[in-house]
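Below you'll find the structure, written out as structure tokens, and then a few comments.
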Amino acid sequence: MFVGSAADLGEWQGREVKKLEPIRVGPHLHEKRAMTPRILLFTQPGCLSCELMKMFLEAKQIAFEERDISADVEARREMIDDHGSTETPTLVFVSDEAYEVVVGFDPARLDQLLGSAPSSDAGTES
């Protein structure tokens, strides 16, 4: 579409028009990829339920990121302020479809929630 006066159009009519090549867009720019679920586990030393939770996740080869709230002030703040928990263990599950916080060791709920979680073989540290 041309926007301008008739005089401007007359000037452009005599010029050679260069054909533009189409822009190729990679799949990363127009397709939404599924986010790998992220599992955060807030723990502290001396917490038996924390140890049980870690053993449970490791036995099922579920990848998770552990945050020790006794050694990491920012982790403690995140657990309380961002996830609304004041107890350990607190497991936070984040994916495209879900955000859930599980406070305490609840194996039945964890089995339901973590059915689609990545295994530690996927390359995530635990």
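Read the figures in this text as sums done on the coordinates, not as results from a lab. Please read these numbers as outputs of a predicted model, since none were measured by experiment. Positions of Cβ are generated from backbone atoms using ideal geometry, with glycine treated the same way; all protein chains shown enter the neighbour counts.
Details
- Simple label model, 7 Å out from Cα along Cβ direction - residue 77 to residue 58, nm: 3.1 nm
- Relative to the globular-protein estimate of 2.2 N^0.38 Å, the Cα radius of gyration of region 38-122 stands at 1.01.
- Neighbour counting of Cβ atoms within 10 Å sorts the residues 68, 96, fewest neighbours leading, into 96, 68.
- Sorted by Cβ neighbour density within 10 Å, fewest at the top, the residues 54, 60: 60, 54
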